[in-house]
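Here's the structure we're looking at; comments come further down.
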Amino acid sequence: MNALQARTAPLYERVRHVIPPIEWPSFAEEIDAILELKRQRRAVILAHNYQTPEIFHCVADIVGDSLALAREAMRVEADVILLAGVHFMAETAKLLNPTKTVLIPDTAAGCSLAESITAADIRALRARHPGVPVVTYVNTSAAVKAESDICCTSGNVRKIVEGLGVPRVMLLPDEYLAQNVARETGVEIITWNGHCEVHERFTPADIRQLREDHPGVIVMAHPECPPEVVAEADFAGSTAMMNDFVARERPTSVALITECSMSDNLAAQYPDVGFVRPCNLCPHMKRINLTNIRVALQEMRHEVTIAPEIAARARRAVERMLEF
(Lines give C-alpha, C1' and ligand atoms only; values in the text may rest on other atoms or scores of the structure.)
Protein backbone atom coordinates (compact mmCIF):
# COMPACT_ATOMS: atom_id res chain seq x y z
CA MET A 1 0.00 0.00 0.00
CA ASN A 2 1.47 3.39 -0.99
CA ALA A 3 1.26 6.55 1.15
CA LEU A 4 -1.80 7.94 -0.63
CA GLN A 5 -3.67 4.68 -0.23
CA ALA A 6 -2.76 4.54 3.45
CA ARG A 7 -3.95 8.10 4.09
CA THR A 8 -7.26 7.65 2.28
CA ALA A 9 -8.12 4.09 3.31
CA PRO A 10 -10.07 5.20 6.43
CA LEU A 11 -12.12 7.57 4.26
CA TYR A 12 -12.97 4.80 1.84
CA GLU A 13 -14.41 2.81 4.75
CA ARG A 14 -17.06 5.53 5.09
CA VAL A 15 -18.30 5.11 1.52
CA ARG A 16 -17.42 1.54 0.56
CA HIS A 17 -21.10 0.56 0.54
CA VAL A 18 -21.91 3.10 -2.19
CA ILE A 19 -18.62 3.59 -4.13
CA PRO A 20 -17.16 0.48 -5.80
CA PRO A 21 -13.45 -0.22 -5.10
CA ILE A 22 -12.60 0.24 -8.78
CA GLU A 23 -13.88 3.85 -8.67
CA TRP A 24 -12.15 4.91 -5.46
CA PRO A 25 -8.66 5.63 -6.89
CA SER A 26 -10.18 8.29 -9.18
CA PHE A 27 -11.42 10.13 -6.05
CA ALA A 28 -8.59 9.48 -3.59
CA GLU A 29 -5.99 11.83 -5.07
CA GLU A 30 -8.38 14.79 -5.22
CA ILE A 31 -9.65 14.09 -1.69
CA ASP A 32 -6.11 13.98 -0.33
CA ALA A 33 -5.25 17.27 -2.03
CA ILE A 34 -8.40 18.94 -0.67
CA LEU A 35 -7.64 17.84 2.89
CA GLU A 36 -4.16 19.35 2.63
CA LEU A 37 -5.53 22.59 1.16
CA LYS A 38 -8.05 22.85 4.00
CA ARG A 39 -5.15 22.77 6.46
CA GLN A 40 -3.18 25.36 4.51
CA ARG A 41 -6.10 27.74 4.10
CA ARG A 42 -7.63 27.17 7.56
CA ALA A 43 -10.80 26.29 5.70
CA VAL A 44 -13.91 24.29 6.44
CA ILE A 45 -16.27 22.73 3.92
CA LEU A 46 -20.02 22.86 4.43
CA ALA A 47 -21.87 20.28 2.34
CA HIS A 48 -25.58 19.96 1.74
CA ASN A 49 -27.34 16.58 1.96
CA TYR A 50 -27.63 16.52 -1.85
CA GLN A 51 -23.89 16.41 -2.42
CA THR A 52 -22.37 13.13 -3.64
CA PRO A 53 -20.89 10.69 -1.08
CA GLU A 54 -17.23 11.37 -1.87
CA ILE A 55 -17.86 15.03 -0.98
CA PHE A 56 -20.38 14.51 1.81
CA HIS A 57 -18.48 11.79 3.69
CA CYS A 58 -14.84 12.41 2.74
CA VAL A 59 -14.04 16.14 2.57
CA ALA A 60 -16.92 17.93 4.32
CA ASP A 61 -16.55 19.17 7.90
CA ILE A 62 -20.21 20.12 8.41
CA VAL A 63 -23.11 18.43 6.63
CA GLY A 64 -26.86 18.75 6.73
CA ASP A 65 -29.90 20.54 5.39
CA SER A 66 -30.18 24.29 4.85
CA LEU A 67 -31.09 24.96 8.48
CA ALA A 68 -28.21 22.90 9.88
CA LEU A 69 -25.71 24.60 7.57
CA ALA A 70 -27.05 28.05 8.50
CA ARG A 71 -26.72 27.28 12.20
CA GLU A 72 -23.29 25.71 12.01
CA ALA A 73 -21.92 28.45 9.76
CA MET A 74 -22.18 30.80 12.73
CA ARG A 75 -19.94 28.57 14.87
CA VAL A 76 -16.99 27.95 12.59
CA GLU A 77 -13.62 29.36 13.58
CA ALA A 78 -11.88 28.90 10.24
CA ASP A 79 -10.75 31.77 8.01
CA VAL A 80 -12.40 30.31 4.90
CA ILE A 81 -15.77 28.64 4.38
CA LEU A 82 -16.28 26.67 1.20
CA LEU A 83 -19.91 25.87 0.46
CA ALA A 84 -20.47 22.59 -1.38
CA GLY A 85 -24.02 23.35 -2.43
CA VAL A 86 -25.83 26.03 -4.37
CA HIS A 87 -25.38 29.78 -4.49
CA PHE A 88 -28.10 30.88 -2.07
CA MET A 89 -26.53 28.64 0.59
CA ALA A 90 -23.15 30.31 0.10
CA GLU A 91 -24.84 33.71 0.40
CA THR A 92 -26.48 32.61 3.66
CA ALA A 93 -23.12 31.48 5.02
CA LYS A 94 -21.68 34.88 4.11
CA LEU A 95 -24.58 36.71 5.76
CA LEU A 96 -23.90 34.92 9.02
CA ASN A 97 -20.10 35.19 8.74
CA PRO A 98 -19.49 38.62 7.19
CA THR A 99 -15.81 38.76 8.20
CA LYS A 100 -14.92 35.36 6.72
CA THR A 101 -14.05 34.48 3.15
CA VAL A 102 -16.84 32.36 1.65
CA LEU A 103 -16.18 30.42 -1.55
CA ILE A 104 -18.42 28.50 -3.93
CA PRO A 105 -16.73 26.14 -6.42
CA ASP A 106 -19.08 26.99 -9.32
CA THR A 107 -21.01 30.25 -9.56
CA ALA A 108 -23.50 28.61 -11.93
CA ALA A 109 -24.74 26.32 -9.14
CA GLY A 110 -28.10 28.01 -8.86
CA CYS A 111 -31.63 27.05 -7.81
CA SER A 112 -34.94 27.15 -9.69
CA LEU A 113 -36.70 28.42 -6.56
CA ALA A 114 -34.21 31.21 -5.95
CA GLU A 115 -34.51 32.27 -9.59
CA SER A 116 -38.32 32.28 -9.52
CA ILE A 117 -38.69 35.49 -7.49
CA THR A 118 -37.00 38.89 -7.21
CA ALA A 119 -36.82 41.69 -4.66
CA ALA A 120 -39.14 43.74 -6.90
CA ASP A 121 -41.68 40.91 -6.79
CA ILE A 122 -41.68 41.05 -2.98
CA ARG A 123 -42.20 44.81 -2.99
CA ALA A 124 -45.13 44.44 -5.39
CA LEU A 125 -46.70 41.74 -3.20
CA ARG A 126 -46.38 43.96 -0.13
CA ALA A 127 -48.18 46.73 -1.99
CA ARG A 128 -51.04 44.33 -2.84
CA HIS A 129 -51.20 42.82 0.65
CA PRO A 130 -50.28 45.59 3.11
CA GLY A 131 -49.48 44.46 6.61
CA VAL A 132 -49.20 40.76 5.75
CA PRO A 133 -45.87 39.29 6.97
CA VAL A 134 -43.50 37.96 4.33
CA VAL A 135 -41.90 34.60 5.11
CA THR A 136 -39.33 33.57 2.54
CA TYR A 137 -37.80 30.16 2.08
CA VAL A 138 -34.01 30.09 2.46
CA ASN A 139 -33.92 28.99 -1.20
CA THR A 140 -33.84 32.67 -2.22
CA SER A 141 -31.25 35.32 -3.01
CA ALA A 142 -29.92 37.70 -0.38
CA ALA A 143 -31.78 40.52 -2.16
CA VAL A 144 -35.09 38.70 -1.67
CA LYS A 145 -34.27 37.89 1.96
CA ALA A 146 -33.60 41.59 2.49
CA GLU A 147 -37.21 42.37 1.52
CA SER A 148 -38.59 39.73 3.90
CA ASP A 149 -39.67 39.73 7.53
CA ILE A 150 -38.28 36.29 8.33
CA CYS A 151 -36.83 33.27 6.54
CA CYS A 152 -37.70 29.60 6.96
CA THR A 153 -36.56 26.16 5.87
CA SER A 154 -38.59 23.06 5.12
CA GLY A 155 -37.67 21.87 8.61
CA ASN A 156 -39.00 24.85 10.56
CA VAL A 157 -41.58 26.41 8.23
CA ARG A 158 -44.66 25.27 10.14
CA LYS A 159 -43.19 26.40 13.45
CA ILE A 160 -42.45 29.84 12.02
CA VAL A 161 -45.77 30.31 10.21
CA GLU A 162 -47.74 29.38 13.32
CA GLY A 163 -45.32 31.18 15.65
CA LEU A 164 -45.96 34.55 14.00
CA GLY A 165 -49.42 34.46 15.56
CA VAL A 166 -51.22 36.08 12.63
CA PRO A 167 -54.15 34.80 10.53
CA ARG A 168 -52.49 35.43 7.15
CA VAL A 169 -48.93 35.24 5.80
CA MET A 170 -47.14 35.29 2.48
CA LEU A 171 -44.98 32.16 2.17
CA LEU A 172 -42.66 32.50 -0.83
CA PRO A 173 -41.55 31.34 -3.35
CA ASP A 174 -42.27 27.57 -3.18
CA GLU A 175 -45.94 27.10 -4.06
CA TYR A 176 -46.03 23.43 -3.07
CA LEU A 177 -44.32 23.98 0.28
CA ALA A 178 -46.85 26.74 0.99
CA GLN A 179 -49.79 24.52 0.01
CA ASN A 180 -48.52 21.69 2.18
CA VAL A 181 -48.10 24.02 5.16
CA ALA A 182 -51.56 25.56 4.60
CA ARG A 183 -53.09 22.10 4.81
CA GLU A 184 -51.40 21.51 8.18
CA THR A 185 -52.21 24.85 9.82
CA GLY A 186 -55.12 27.21 10.31
CA VAL A 187 -53.19 30.06 8.73
CA GLU A 188 -54.29 31.55 5.39
CA ILE A 189 -51.27 31.50 3.11
CA ILE A 190 -50.63 33.63 0.04
CA THR A 191 -48.46 31.67 -2.39
CA TRP A 192 -46.12 32.29 -5.32
CA ASN A 193 -45.67 30.22 -8.47
CA GLY A 194 -42.18 28.89 -7.71
CA HIS A 195 -41.19 25.22 -7.80
CA CYS A 196 -38.14 23.04 -7.23
CA GLU A 197 -37.25 21.45 -10.56
CA VAL A 198 -36.30 18.22 -8.78
CA HIS A 199 -39.35 17.76 -6.55
CA GLU A 200 -42.00 18.99 -8.96
CA ARG A 201 -41.30 16.03 -11.28
CA PHE A 202 -42.50 13.41 -8.80
CA THR A 203 -46.10 12.23 -9.22
CA PRO A 204 -48.59 10.18 -7.16
CA ALA A 205 -48.33 7.50 -9.84
CA ASP A 206 -44.60 7.22 -9.09
CA ILE A 207 -45.34 6.41 -5.47
CA ARG A 208 -48.09 3.94 -6.29
CA GLN A 209 -45.69 2.17 -8.65
CA LEU A 210 -43.03 2.08 -5.93
CA ARG A 211 -45.46 0.41 -3.54
CA GLU A 212 -46.45 -2.12 -6.19
CA ASP A 213 -42.83 -2.96 -7.04
CA HIS A 214 -41.58 -2.94 -3.42
CA PRO A 215 -44.29 -4.15 -1.02
CA GLY A 216 -43.82 -2.77 2.48
CA VAL A 217 -41.58 0.12 1.43
CA ILE A 218 -41.77 3.24 3.63
CA VAL A 219 -42.18 6.33 1.44
CA MET A 220 -40.90 9.69 2.68
CA ALA A 221 -41.54 12.82 0.62
CA HIS A 222 -39.94 16.24 0.80
CA PRO A 223 -42.51 19.04 1.33
CA GLU A 224 -41.32 20.74 -1.88
CA CYS A 225 -43.20 17.94 -3.68
CA PRO A 226 -46.74 18.61 -4.96
CA PRO A 227 -49.42 18.16 -2.25
CA GLU A 228 -50.90 15.12 -4.00
CA VAL A 229 -47.46 13.45 -3.80
CA VAL A 230 -47.11 14.29 -0.11
CA ALA A 231 -50.60 12.86 0.47
CA GLU A 232 -49.49 9.52 -1.03
CA ALA A 233 -46.40 9.30 1.21
CA ASP A 234 -46.13 7.76 4.68
CA PHE A 235 -44.10 10.67 6.00
CA ALA A 236 -43.25 14.18 4.82
CA GLY A 237 -40.35 16.23 6.08
CA SER A 238 -37.09 18.00 5.43
CA THR A 239 -33.92 16.10 4.60
CA ALA A 240 -32.90 16.39 8.28
CA MET A 241 -36.20 14.83 9.32
CA MET A 242 -35.69 12.02 6.80
CA ASN A 243 -32.22 11.42 8.19
CA ASP A 244 -33.54 11.30 11.75
CA PHE A 245 -36.32 8.87 10.79
CA VAL A 246 -33.93 6.45 9.09
CA ALA A 247 -31.42 6.65 11.96
CA ARG A 248 -34.14 6.04 14.55
CA GLU A 249 -36.40 3.50 12.84
CA ARG A 250 -33.95 1.62 10.57
CA PRO A 251 -36.73 0.57 8.16
CA THR A 252 -36.20 -2.57 6.11
CA SER A 253 -37.02 -0.70 2.91
CA VAL A 254 -37.39 3.03 2.35
CA ALA A 255 -37.85 5.37 -0.61
CA LEU A 256 -36.84 9.02 -0.26
CA ILE A 257 -38.86 11.21 -2.63
CA THR A 258 -36.17 13.83 -3.02
CA GLU A 259 -32.80 14.35 -4.74
CA CYS A 260 -30.80 11.18 -5.50
CA SER A 261 -27.69 11.76 -3.42
CA MET A 262 -29.68 11.89 -0.19
CA SER A 263 -30.27 8.13 -0.48
CA ASP A 264 -26.62 7.48 -1.38
CA ASN A 265 -25.36 9.37 1.66
CA LEU A 266 -27.73 7.60 4.04
CA ALA A 267 -26.96 4.22 2.48
CA ALA A 268 -23.29 4.79 3.28
CA GLN A 269 -24.20 5.39 6.94
CA TYR A 270 -26.86 2.70 7.29
CA PRO A 271 -25.95 -0.30 5.12
CA ASP A 272 -28.58 -2.39 6.94
CA VAL A 273 -31.38 -0.27 5.43
CA GLY A 274 -32.62 -1.01 1.92
CA PHE A 275 -32.97 2.15 -0.16
CA VAL A 276 -35.26 2.21 -3.19
CA ARG A 277 -34.05 5.04 -5.40
CA PRO A 278 -36.64 6.90 -7.48
CA CYS A 279 -33.95 9.11 -8.91
CA ASN A 280 -34.23 12.80 -9.78
CA LEU A 281 -30.93 14.67 -9.93
CA CYS A 282 -30.45 18.36 -9.15
CA PRO A 283 -28.32 19.68 -12.04
CA HIS A 284 -27.17 22.61 -9.90
CA MET A 285 -25.98 20.54 -6.94
CA LYS A 286 -24.17 18.26 -9.36
CA ARG A 287 -22.10 21.16 -10.67
CA ILE A 288 -20.06 20.80 -7.48
CA ASN A 289 -17.35 18.14 -7.64
CA LEU A 290 -14.02 17.27 -6.06
CA THR A 291 -12.03 18.96 -8.82
CA ASN A 292 -13.69 22.35 -8.59
CA ILE A 293 -13.58 22.19 -4.79
CA ARG A 294 -9.82 21.64 -5.01
CA VAL A 295 -9.37 24.45 -7.55
CA ALA A 296 -11.51 26.82 -5.48
CA LEU A 297 -9.26 26.28 -2.46
CA GLN A 298 -6.05 26.45 -4.52
CA GLU A 299 -6.99 29.69 -6.26
CA MET A 300 -9.34 31.10 -3.59
CA ARG A 301 -12.19 31.40 -6.05
CA HIS A 302 -15.10 32.16 -6.37
CA GLU A 303 -15.59 34.50 -3.42
CA VAL A 304 -19.17 35.34 -2.44
CA THR A 305 -19.84 39.01 -1.72
CA ILE A 306 -23.06 40.82 -0.79
CA ALA A 307 -23.66 44.57 -0.92
CA PRO A 308 -23.65 45.94 2.67
CA GLU A 309 -27.07 47.60 2.38
CA ILE A 310 -28.61 44.29 1.29
CA ALA A 311 -26.61 42.15 3.70
CA ALA A 312 -27.72 43.98 6.84
CA ARG A 313 -31.44 43.55 6.09
CA ALA A 314 -31.09 39.99 4.80
CA ARG A 315 -29.10 39.01 7.89
CA ARG A 316 -31.95 40.16 10.14
CA ALA A 317 -34.41 37.89 8.32
CA VAL A 318 -32.10 34.87 8.70
CA GLU A 319 -31.29 35.65 12.34
CA ARG A 320 -35.00 35.88 13.14
CA MET A 321 -35.39 32.40 11.69
CA LEU A 322 -32.55 31.06 13.82
CA GLU A 323 -34.15 32.50 16.94
CA PHE A 324 -37.01 30.05 16.41
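The values are calculated or read from the model by the stated rules, or taken from the named source; none is laboratory data. Just so you know, these numbers come straight off a predicted model, no measurement behind them. Calculation scope for accessible area: heavy atoms of the full protein, side chains included, ligands and nucleic acids excluded. Shrake-Rupley method; radii C 1.70, N 1.55, O 1.52, S 1.80 Å.
General remarks:
- Carbon and sulfur %, accessible surface of the range 94-173 computed with the full protein complex present, 1.4 Å: 51
- Sequence-separation-based contact order of the range 3-138, relative, with Cα cut under 8 Å and 6+ spacing, percent: 18
- Here's how it looks for A255: its modeled amide H is under 5 Å from those of I218, V219, M220, V276, which are all 5 or more places away or on a different chain.
- The spacing between the range 131-163 and the range 24-94, judged by their C-alpha centroids, is 25 Å.
- Taking a straight Cα-Cα cut-off under 30 Å and skipping sequence neighbours fewer than 8 places away in the same chain, the lysines within cross-link reach of K145 are K94, K100, K159, K286.
- By the equivalent-ellipsoid construction on the alpha carbon gyration tensor, the range 20-96 comes out with semi-axes of 23, 15, 9 Å, ordered largest to smallest.
- Largest first and in whole Å, the equivalent-ellipsoid semi-axes of the chain read 32, 27, 14, each the square root of five times a Cα gyration tensor eigenvalue.
- The chain, relative contact order [Cα under 8 Å, separation at least 6], %: 22
- Long-range amide H partners of V63 with built H, under 5 Å: A47
- Two-decimal Rg/Rh across the range 92-140, once Rg and the Kirkwood Rh are taken from alpha-carbon atoms: 1.08
- A 1.4 Å probe run over the chain, with the rest of the protein chains in place, finds 42 Å² accessible per residue.
- DSSP-defined beta bridges in the chain - what % are antiparallel, rounded to 5: 5
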